[in-house]
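A.B. asks: Supplied in structure tokens, the structure appears directly below.
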Amino acid sequence: MKKAIFAVLAATLVGLAAIGWLAFVPPLKQAPYVFDSAWGEKGTGPGQFRDPTGIAVFDGEVFVSDARGGRVQVFDFEGGFKRQIGEPGEAPGQLGRPMNLAIAGGELYVADYWNDRIEVFSLDGAHVRAIGGPGSGGGEFNSPG
């Protein structure tokens, strides 16, 4: 008898919890995406890409890594080309194959796949420093993406 009462009480509590959850927790809904615009085309000139791979948005600007172009291009929100950061190569400040991007502390961090390092630039494009180098030890990279 006590087991039956306990079972009914437990079921009632679970039911009330479920009703409370449904009544007070709104359903998860994601707003539908709406296409806004696109820009760029295949090529090597300003606003053209050979393999866009990473994107970062900061303070009204869109930074896009062009992996096979060895550069990062910067645009306004309407797709207008503003400037290029980096150039193809292996020297500090040059990019072998820039992949993903991040912006933190007023600096642009670029994962450089072929040069096995992270290149750091100011947001206006000046090279600040390189982090790491090839290898598998601490502070070393093997094709960071």
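A.B. asks: Once the whole set of protein chains is in place, how much accessible area is left on V128, using a 1.4 Å probe, in Å² to the nearest 10?
C.D. replies: 70 Å²
A.B. asks: ³J(HN,Hα) across segment 78-90 via Karplus (A = 6.51, B = -1.76, C = 1.60, θ = phi - 60°), whole Hz, x for Gly/Pro?
C.D. replies: Ordered by residue, 3J(HN,Hα) equals 8, x, x, 5, 10, 5, 10, 10, x, 8, x, x, 10 Hz.
A.B. asks: Between K42 and R68, what is the label-point separation in nm under the 7 Å Cα-to-beta-carbon projection?
C.D. replies: 0.8 nm
A.B. asks: Given points 7 Å out from each Cα along the Cα-Cβ axis, report the A91 to E140 separation in nanometres with one decimal.
C.D. replies: 2.6 nm
A.B. asks: Using 1/(1 + (r/R0)^6) with R0 = 35 angstrom and r between the beta carbons of F24 and V57, what's the FRET efficiency to the nearest 0.05?
C.D. replies: Here the calculated transfer efficiency is 0.50.
A.B. asks: Further, regarding this structure: Given the whole protein assembly as supplied and a 1.4 Å probe, what does the accessible area of E87 come to in Å², nearest 10?
C.D. replies: Only protein atoms counted, so the area is about 90 Å².
A.B. asks: Report, by chain and number, residues whose modeled amide H sits under 5 Å from the one on R71, excluding near sequence neighbours (fewer than 5 apart, same chain).
C.D. replies: D66
The values are calculated or read from the model by the stated rules, or taken from the named source; none is laboratory data. On a predicted model such as this, the values are computed, not experimentally measured, just so you know. Reconstructed Cβ throughout: ideal geometry from the backbone, glycine too, with neighbour counts over all protein chains shown. These area figures cover heavy atoms from the full protein model, side chains too; ligands, DNA and RNA do not enter into them. Shrake-Rupley method; radii C 1.70, N 1.55, O 1.52, S 1.80 Å.
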